[in-house]
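Here's the structure, in structure tokens; my notes come after.
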């Protein structure tokens, strides 16, 4: 599993309920399980540390050739795992459980440390699986992972995470440091059963580095889920240094242990530990989180961690189901972005909202019967149609509820707001064979507008997009060697977000097609093809890309009907077009184009030659842009441009949104911009003789991931078109009642009244702790021999009495003084007439400019 940043773990609660001390609001004897890249012992006393030889072997410089691993004793000085150089694991462990400098959240915790990275930060899925198995064996309760990677289809890893949470392990994981780009969530933080944590600074701003949603598991046919779940401080957080003292670090690797430590504290305050499970803890955290103003849900999730409110909810909790998000409001901006950024209309692609069902009643559950759609008639709920698909089984602790919303035919020319709600009943078997049920409502509110004209509708083809995972598809830019894989989903709400925002600002309505184009009625919308543009030359020794170029052979097959084709050339460089500065990043040239078309050419560097032979050459007159009007009556128009990096947020250097506007104007209204038709860069259309057309890589496995190719002896052959998906629209059960006006409120976890829940007495002072020397007593060095948490009963009763008497004496004194002051009659001060000689002397006195007379 490719890892982007290091790792950590937590966890296992002590079985003794007597060891809980809720008054101190901390956990006594929590077992933490840390899997990390580096944990230095230094001069710290971090809880009770345990190292396991089984995992120390994974750090002994294991080569990629797979030499046999040799165990070592992690307590000895010559073991590489005890003396790291990064300090990532040391810092994370300190945030959770440091007992001296930079005290952690749970200093009484017991940590189990395992390292799964080499000194070069290399790891393997099997090493993680070994560590996870140990966590299950030790009955771990909380597990922190300050690591992650983009491969959510690493099935052994994902399955083991499910197994962990199924065993009641509460997993907290960092969402990644790939922000501010959208669609950059890391696994396992993007899983439904895991608490995904993002980062903020101390001014409650989303940290720039914090990864953004949505999840991309569900693409291309569906829509991503809301992640992160919550955010907390992850920028400039103080923690343990590598050897001694404190230092500051930033990253979601820091935010994750903050939440993990908070989860530890929360778990320590619950008397009935049977209520604590991955779902109930997540429900308490997200329902108590404080929403940040001006931030959308794919940046902040449910909001900022609020430990006190989470404590209130968890201590009044009863097992139940809940939803994330708890409502759908397409009119609420900016929180509900991107849903609120575009109204819906009749004839458009259905809007899909992917809701997560959290089941706090048990590790497994199911939806009873079918969800019920109930429109509010006074709020025009009958103007929308709703279809619902859902998980057949909720396991572990969670499932999905996909809600598709469309406009009814009778509202084709109507404008307004429509409301309703979906009712869902979840059942889960209890341990005593008693079935538990919970019913939740999902309020829905949408903005409807009349169907816009054809020229203002743009269709984004998501169906044919190829990305990593599952296949090794490189990015469009060969210069991006540190981030070579195309893993952001290629969606208008992820790495093409800026393009989508621009089109909306220009009045366009953008729809996403997650099925073959034959499944869509194209009589109305204008189509914008989104093709995956991947280039050859990025492959390293241990993997081979599944397609080369921009999957140019497939594109050439599509446009060959009009006598068009892209070449196998690869070019880059800066140039000016229509007074706009442009950058061509690993783009293709046009090899063939109709003779009556318009072609624009520029001087660019031959990047293919540079990659293959390390030589630099500038090629003059490279055709990069073509415009063509088909000759048939009522025929459409086609525009070709050989590079998509200028509209892709991933590594864009200079945007070309102005060119996108011009091309849409041309294809919609046949308005050719004069700056292009009369450009000095216009050349004769190429005939295809000069450049050979690209061919597929020999032995490629593109058919495994392609929607249009299937395996065949020799070359792959076209795949038959699949059946079009059909939504099963729910039969409405109308309600003749008024819908709620404000849908945003914290989830009603069985009507928990936060004001009636008593808060714990937070201890304001705790003496510094040091590790015990051999033979030293375990008593703390406190005058009088008073042990923390074990107060002498007389002392505990006497202190409040003296404090009360002292306060009463002080209060009485002030009352007496105030009464005396009010009882005295006010005497008028006699007016004294100044002597004449003094007045004359004052008049004669002069003050030098700029100086103050002294008295």
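The values are calculated or read from the model by the stated rules, or taken from the named source; none is laboratory data. Just so we're clear, the structure is a prediction, and the values are computed from it rather than from any experiment. Cβ coordinates were reconstructed from backbone atoms using ideal geometry, including for glycine residues, and neighbour counts include every protein chain displayed.
Summary of computed values
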quantity: Residue within the range 181-190 that is surrounded by fewer than 24 Cβ atoms within 10 Å (Cβ to Cβ) and under 19 Å from the mean Cα position of the chain (by Cα) present; calculated: yes
quantity: Qualifying residue in the range 257-269 (condition: farther than 26 Å from residue 400 by Cβ, free of Cβ contacts under 8 Å to residues at least 40 places away in the same chain and not in a strand (DSSP E or B)); calculated: no
quantity: The range 112-127, subset touching a helix residue (DSSP H, G or I) at 6+ places or on another chain (Cβ under 6 Å) and surrounded by 21 or more Cβ atoms within 10 Å (Cβ to Cβ), residue farthest from residue 253 (Cα to Cα); calculated: 127
quantity: Meets criteria (surrounded by fewer than 21 Cβ atoms within 10 Å (Cβ to Cβ) and at positive phi) for residue 621; calculated: yes
quantity: Residue 279 being assigned to a helix (DSSP H, G or I) and buried (at least 24 other Cβ atoms within 10 Å of the Cβ); calculated: yes
quantity: Hey, residue 280 in the same structural domain as residue 215 (by TED's automatic domain parsing) and more than 20 Å from the chain's Cα centre (by Cα) or not; calculated: yes
quantity: Residues being part of a loop (DSSP other than H, G, I, E, B) and more than 30 Å from residue 707 (Cβ to Cβ) - total across the range 195-236; calculated: 14
quantity: Of all residues in the range 430-450 being at pLDDT 95 or above and not in a strand (DSSP E or B), the one that is surrounded by the fewest Cβ atoms within 10 Å (Cβ to Cβ); calculated: 450
quantity: Test: residue in the range 119-138 that is assigned to a loop (DSSP other than H, G, I, E, B), within 27 Å of residue 277 (Cβ to Cβ) and not assigned by TED's automatic domain parsing to the domain that holds residue 489; calculated: yes
quantity: Which listed residue is in a strand (DSSP E or B) and under 28 Å from residue 367 (Cβ atoms), from 326, 322, 287; calculated: 322
quantity: Where residue 202 falls short, out of the listed (1) surrounded by fewer than 24 Cβ atoms within 10 Å (Cβ to Cβ); (2) more than 24 Å from residue 305 (Cβ to Cβ); calculated: (2)
quantity: Selection count where residues are buried (at least 18 other Cβ atoms within 10 Å of the Cβ) and in contact with a helix residue (DSSP H, G or I) (Cβ under 8 Å, 6 or more places away or on another chain), scope the range 650-663; calculated: 6
